[in-house]
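Just below is one structure, and these are the notes that go with it.
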Amino acid sequence: MKKTGAQIVLQSLQIEGVKVVFGYPGGAVINLYDELPNYEVKHYLVRHEQAAVHAADGYARATGEVGVALVTSGPGATNTVTGLATAYMDSIPLVVFTGQVPTGLIGNDAFQEADIVGITRPCTKHNYLVKSVKELPRIIKEAFHIARSGRPGPVLIDLPKDVLVDTTIYEYPETVSLPGYNPTFEGHPGQIRKALKALLKAKRPVFYVGGGAILSDAAEVLTELATRLRIPVTTTLMGLGAFPETHDLSLGMLGMHGTYRANMAVTESDVLFAIGARFDDRVTGRIDEFAPDAKIIHVDVDPTSISKNVKVHIPIVGDVHDVLDKMLVVVNEMSEEFQAFADSHDDWLARIAKWKDMHKLDYIQEEVIKPQYVVETICRLTRDQEPIICTEVGQNQMWAAQFYDYTRPRTWLSSGGLGTMGYGFPAALGAQVAFPDRLVVDIAGDGSIQMNIQELATAVQYQLPVKVIILNNGYLGMVRQWQELFFQKHYSATEMSTAPDFVKLAEAYGAAGLRATHPREVEATLKKAFSIDKPVFVEFVVAGEENVYPMVPAGQPISKMLLV
Amino acid sequence: MKHVIGVLVENEFGVLSRISGLFSGRGFNIESLTVAETDDPAISRMTIVTLGDDQIVEQITKQLNKLINVIKVIDFTNSDHVSRGLMLVKVSVEGSKRLEVLKLIEVFRARVIDMAAKSAIIEITGSDMKLRAFLDVLAPYGIKEVNSTGIVAMNREVKGRSRHKIKAA
Ligand SMILES: Cc1ncc(C[n+]2csc(CCOP(=O)(O)OP(=O)(O)O)c2C)c(N)n1
Ligand SMILES: [Mg+2]
């Protein structure tokens, strides 16, 4: 039977197992919206297209499935760019559908025309302009395949209006044929053996774990491998949750705002095993002094990540989960040798324990609320429920990373690569859609929350009981911190004394609002917020000029930290 | 160091801009780029001449391979290959210089394809080095215009078979 392009899109989504779509309508996609109620997929109407993409992204990070967004042409499409770039930098699988003017008008500066395929080429894993309805099923099939396989990423499909109206005989392909796309999944056995041999010789080994471990669902095997070999584990911002931070072997996060022990352990390591990480400059600091004595092993599904910034001695291209599984098999086969190895580096672990005692993550409690204390209290009150913690960007993000102990993968949703203020709230809505019964928290700054604050309406419309914790320091705090430390306190354009009354604002939207100004109110206010079955904004008026420590100044080696 | 890189791509809308965008977006250098269909109209072949140390060229080939529409990437630099470019040169040939220029053309096995009162258009094919040498010897006569296709390259056959099988799977 013949179907219209609009029907084909929706039917194909169903076949791909897509349950929800975040979107915003307009003229170019009106035919698709017209069909929408006839299909099982549930649509969430956001209040800004950027939020649609972030919500799809939050859904994808929380579930591991492909997130889907749908917007109209022109401004609808251009509004997705920040969301796409955010997902691209963090390798999040998305398929984003944009409307487009009819094929006959493309290139004519037609009303609401934008060359979105051209605009998003560098911030998508791949993108398509559909030129005929006949190509549509194949393109959708390919898009989902590309988004979720290899190193995941966002794929955009641009849908001219006539393609949505035209009809063709619908057949959804079972397989894809992409001669130029064949990501390596299985690690090379020879390289895996070589890596294990190098590990066996290590006296000061460290696992350096990035977001790839989460994306490939490798947390469990990683934890087993590290525990068996007694190798300490540090994670990047993107890797939080891949290894339980409550574990004895956890070093916490490394890098610019990493822990003292993580940065020291990496610097002094003799074998550094990078697992689904990409040696980002926020992690390595000054690159020629990063792990200077270490033999570096690197497993990553993306060959371009290997030896991009740091020369790798033993590269393994492949899926992190698959490679670690295979390593564990060898470890089991040679259990005596590896047991002897595990017992051989007590002095290294003792050294690390000493570093741990020397400079713990800390802050000084005062009469005014310290933002770290808020995060610590959230952790204490909620850790057992394994909530999903989202963040905005800035100091709030770093404190959320430092003062909450993540123990499970996909419970930490944060824009790492792009550092997108305004990401956290819509991402939290996406996560809450995926898990209606779990506690979802957005740890926010007073600046960031105002970047997508309109999504309060979405939260209320769909009764998504997300808890937004605003650490209101009256500043664009992270920039202010840099100005304080490196620009002689020249606070140019970072004071934000004019903010809305967040409590009233939340109430005006039909959500709940709470505020606390004194440390002794923090716990009770949080408990109250978590007990309200509604979206809640909780404003904590916190110390204005608190800084995030440790801090490695840009361009310095990570062993040179400014401490509290 | 100069590298000649061959790229087989799906002959699809927008592929050229994906490739040129990759070079500009990542700060890679393009000295020349040629593109045309192969014997299979579904596949095009590009030849890119780029400058960079080994690490940069390794990134370039990896990044090219990462593009969905790229089927194969060949770095010719360290293999036994031939490379050719075609160049048109308009050179002034006034008075007594005419014969001298014609002599040079013969030595380089170039061809005159247009002769006017004051200038000639010369066609020459050859390796990058030959083309540059030709320009050097013509320079004293007065070069008015140069237009070149850029380099295309191919590996030589080794022991009865092509060293790189370049047909798409
Ligand atoms: C969209 C966007 N614009 C600008 C920046 C630069 N930036 C990074 S942190 C920051 C300040 C964030 O302020 P706030 O949300 O109040 O968080 P705080 O650091 O105070 O906790 C800014 C402006 C950014 N990361 N994202
Ligand atoms: Mg702030």
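The values are calculated or read from the model by the stated rules, or taken from the named source; none is laboratory data. Predicted model, so just to flag it, every value in this text is computed and none were measured. Counting neighbours? That spans all protein chains shown, and the Cβs are built from the backbone with ideal geometry, glycine included. These area figures cover heavy atoms from the full protein model, side chains too; ligands, DNA and RNA do not enter into them. Shrake-Rupley method; radii C 1.70, N 1.55, O 1.52, S 1.80 Å.
Quick notes on this one:
- Out of B:Ile5, B:Ile30, B:Ile43, one residue alone is open to solvent by 40 Å² or more (accessible area, probe 1.4 Å), under 17 Å from B:Ile74 (Cβ atoms) and either more than 14 Å from chain A (Cβ to nearest Cβ) or not hydroxyl-bearing (Ser, Thr, Tyr) (or both). It is B:Ile30.
- Selection from segment A:450-507 of residues that are polar (S, T, N, Q), in a loop (DSSP other than H, G, I, E, B) and within 16 Å of ligand 1 (Cβ to nearest atom): A:Asn452, A:Asn473, A:Ser492, A:Thr494, A:Ser497, A:Thr498
- Test: residue in segment A:38-58 that is among the basic types (Lys, Arg) and either assigned to a helix (DSSP H, G or I) or buried (at least 24 other Cβ atoms within 10 Å of the Cβ) (or both): no
- Filter result for A:Thr407 (out of contact with any Asp or Glu (no Cβ under 9 Å at 6 or more places or on another chain), more than 21 Å from A:Ile92 (Cβ to Cβ) and away from ligand 1 (no atom under 11 Å from the Cβ)): no
- With respect to the conditions (1) acidic (Asp, Glu); (2) within 14 Å of chain A (Cβ to nearest Cβ); (3) open to solvent by less than 70 Å² (accessible area, probe 1.4 Å), B:Asp75 falls short on a single one, namely (2).
- Among residues of segment B:46-59, those that are more than 10 Å from chain A (Cβ to nearest Cβ), of a type outside the set (Ser, Thr, Tyr) and surrounded by 14 or more Cβ atoms within 10 Å (Cβ to Cβ), counted: 6
- Count - residues of segment A:450-471 that are β-branched (Val, Ile, Thr), within 16 Å of ligand 2 (Cβ to nearest atom) and open to solvent by 10 Å² or more (accessible area, probe 1.4 Å): 1
- When the residues of segment A:1-33 are filtered to those that are of a type in the set (S, T, N, Q) and touching a helix residue (DSSP H, G or I) at 6+ places or on another chain (Cβ under 7 Å), the one that is least open to solvent (accessible area, probe 1.4 Å) is A:Ser12.
- The listed residue being surrounded by 15 or more Cβ atoms within 10 Å (Cβ to Cβ) and within 21 Å of A:Ser73 (Cβ to Cβ), out of A:Tyr181, A:Tyr128, A:Tyr170: A:Tyr128
- In summary, A:Lys528 fulfils each of the numbered conditions (1) part of a helix (DSSP H, G or I); (2) open to solvent by 50 Å² or more (accessible area, probe 1.4 Å); (3) under 21 Å from A:Ala51 (Cα atoms) with the single exception of condition (3).
- Residue among B:Lys118, B:Lys130 that alone is of a type in the set (D, E, K, R), in contact (Cβ under 8 Å) with a residue 12 or more places away in the chain and under 28 Å from B:Met46 (Cβ atoms): B:Lys130
- Screening the candidates A:Ile157, A:Ile192, A:Ile139 for the property of being among the hydrophobic types (A, V, I, L, M, F, W, C), free of Cβ contacts under 8 Å to residues at least 24 places away in the same chain and open to solvent by less than 20 Å² (accessible area, probe 1.4 Å) yields one hit, A:Ile139.
- Some residue of segment A:472-486 being open to solvent by 40 Å² or more (accessible area, probe 1.4 Å), free of Cβ contacts under 8 Å to residues at least 12 places away in the same chain, within 27 Å of the chain's Cα centre (by Cα) and away from ligand 2 (no atom under 12 Å from the Cβ): yes
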